[in-house]
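Comments concern the structure below.
The values are calculated or read from the model by the stated rules, or taken from the named source; none is laboratory data. Quick caveat: nothing in here was measured; it's all calculated off a predicted structure. Positions of Cβ are backbone-derived with ideal geometry, glycine not excepted, and every protein chain shown enters the neighbour counts. These area figures cover heavy atoms from the full protein model, side chains too; ligands, DNA and RNA do not enter into them. Shrake-Rupley method; radii C 1.70, N 1.55, O 1.52, S 1.80 Å.
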Amino acid sequence: MTIFIIFLMLGLMLIGVPVVFSIMIATLLFFIVEPSVTIEVFIQRIISGTQSFPLLAIPFFVLTGYLMNVSDISRRLINLSSASIGHIKGGIGYVNILVNTFMAGMSGSSNADSAVLSKLLVTPMEEKGYSRGLAAGLTASASLIAPIIPPSIALIMYGFMAEVSIGKLFMAGILPGILMAVLLFIFNFVIARKNDLPKEHENFSIGEVARTFKYAVLALFTPVIIVGGIRLGIMTPTEAGAITVVYAFLIGYFVYKKITMKMLKEVIGESVTLTAVVMIIVAASSAFGWVLTWERIPQQVAELVLGLSENPIIVLLLINIMLLIIGMFIEGTASIVLLTPLLTPLVAEIGVDLVHFGIIVAMNLAIGSITPPLGTVMFTTSAAANISIVEFLRKSWPLYIVLLIALFMVTYIPAISLALVK
């Protein structure tokens, strides 16, 4: 019965039924047909699935990201990055990566970062010698740092589903996010040398760096508040989210003077909509997860995989391949809430740290989001950059190799994730 339910859910998704309705229809059918459970359990699981204090962090960080975007933070960060590294060949490529890294520490959303920065940077990159497809690809790839470093929405979801400390996950994501940025820097260095790409400006000026830093410094304090507060034990991730909302509003309204009351109303509306989308998926997946547990599916999956191999290297390789494929078809949040209950018992059985595994899951699904046929970040970036999907893929395929190298390193060198946790 459970196998039928899973295939029904996947089939509904493939024919275009929204993810949340696919999950709910398939799960509800199980409760209707299965005589040993009552329909009341379905309702209870949907309601109880959202009753979690850690999940309150999601609307706070979503709202923080929106407030930062409308406060024109991105332009200030671009100016600072340009002043800092624009004097190097291919400088605007480095600027793109660095700004994405800064933005990742504020928004937690790769879709939001790629949409904003594609509009601001793809055309200037094209004017500096990059192909438009490569410029869009670099923007999309760098935006994938957002689901990895705090305040990652993906890590909050994983922490909730796996019952793992979100604070530890936030700390674990910092070095993998920096690793991704460094590897993208190396890629840009090779491209810049090969194509003799120009500098943004000729000379490095400490005075210009100081000037642009002065205008961006308040925004840069956002990730410091989040990471510092959690690391020092001053606040939980949820409390950090609430504080950053207030902080983002204060600097956007009183200091930068970019936020108006009308704009605030629109931003809150967009945040509520996005939060509602996430939470209804959580609610539906909570009921589905209960069905999987009731039918002992996680244990059966563990027995099946461990029957093939008990070698952690092989098991993690198989999981990576599966997650990459699933990430191509199903949005990251839905994938996390569906797959975490299935996979965490398996990786725990082979001795993989669940905090480390959370970063592996987030990286896999992030890469899937720029991969055809249904990668959401790929579509967002292509639309914002006004290019076709074919051009995006044709010019940016080497970036997939860079991202897979980062994934391989994080998967098989646990210290990259766990060094700041312990």
Quiz item: What tally of residues in segment 25-47 results from selecting those that are part of a helix (DSSP H, G or I) and open to solvent by 50 Å² or more (accessible area, probe 1.4 Å)?
Solution: 11
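Residues are listed down the side, and each one gets a yes or a no for (1) over 18 Å from residue 318 (Cβ atoms); (2) of a type outside the set (Val, Ile, Thr):
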site	(1), (2)
344	no, no
368	no, yes
374	yes, yes
381	yes, no
388	yes, yes
399	yes, yes
412	no, yes
421	yes, no
Quiz item: Are any of the residues in segment 135-148 assigned to a helix (DSSP H, G or I), crowded, with 24+ Cβ neighbours inside 10 Å and modelled with pLDDT under 90?
Solution: no
Practice problem: Tell me which of these residue 280 doesn't satisfy, since it passes every other one: (1) over 28 Å from residue 166 (Cβ atoms); (2) open to solvent by 60 Å² or more (accessible area, probe 1.4 Å); (3) of a type in the set (A, V, I, L, M). | Solution: (1)
Practice problem: Within segment 74-87, identify whether any single residue is of a type in the set (D, E, K, R), in a helix (DSSP H, G or I) and in contact with a Lys or Arg (Cβ under 8 Å, 6 or more places away or on another chain), and answer yes or no. | Solution: no
Quiz item: If residue 164 satisfies every condition in (1) surrounded by fewer than 22 Cβ atoms within 10 Å (Cβ to Cβ); (2) outside any helix (DSSP H, G or I); (3) modelled with pLDDT under 90 but one, which is the exception?
Solution: (3)
Practice problem: Look at residue 182 and say whether it is among the hydrophobic types (A, V, I, L, M, F, W, C), open to solvent by 60 Å² or more (accessible area, probe 1.4 Å) and over 20 Å from the mean Cα position of the chain (by Cα). | Solution: no
Quiz item: Taking segment 209-237, which residues are part of a loop (DSSP other than H, G, I, E, B) and in contact (Cβ under 8 Å) with a residue 12 or more places away in the chain?
Solution: 236
Exercise. Would you be able to tell me the number of residues in segment 226-244 that are open to solvent by 30 Å² or more (accessible area, probe 1.4 Å), modelled with pLDDT of 90 or more and within 29 Å of residue 406 (Cβ to Cβ)?
Key: 0
Practice problem: Could you please tell me which pairs satisfy a Cβ distance under 7 Å, a separation of 6+ or placement on different chains, a first residue in segment 123-136 that is free of Cβ contacts under 8 Å to residues at least 60 places away in the same chain, and a second residue that is assigned to a helix (DSSP H, G or I) and open to solvent by less than 40 Å² (accessible area, probe 1.4 Å)? | Solution: 124/92; 125/92; 125/93; 125/96; 125/135; 126/135
Quiz prompt | Subset tally (residues that are under 21 Å from the mean Cα position of the chain (by Cα) and open to solvent by less than 10 Å² (accessible area, probe 1.4 Å)) for segment 250-270 | solution = 1
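Name the residue that is farthest from residue 360 (Cα to Cα), counting only residues in segment 405-422 that are part of a helix (DSSP H, G or I) and touching an Asp or Glu at 6+ places or on another chain (Cβ under 9 Å).
The selected residue is 418.
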Self-check item: Lone qualifier among 223, 176 - being modelled with pLDDT of 95 or more and either surrounded by 19 or more Cβ atoms within 10 Å (Cβ to Cβ) or closer than 30 Å to residue 422 by Cα (or both)
Solution: 176
Quiz item: Among the residues of segment 281-338, which ones are acidic (Asp, Glu) and part of a helix (DSSP H, G or I)?
Solution: 303
Self-check item: Restricting segment 381-404 to residues that are closer than 19 Å to residue 366 by Cα and out of contact with any helix residue (DSSP H, G or I) (no Cβ under 6 Å at 6 or more places or on another chain), the residue that is surrounded by the most Cβ atoms within 10 Å (Cβ to Cβ)
Solution: 393
Quiz item: Can you tell me how many residues in segment 86-130 are open to solvent by 30 Å² or more (accessible area, probe 1.4 Å), at pLDDT 90 or above and among the aliphatic types (A, V, I, L, M)?
Solution: 2
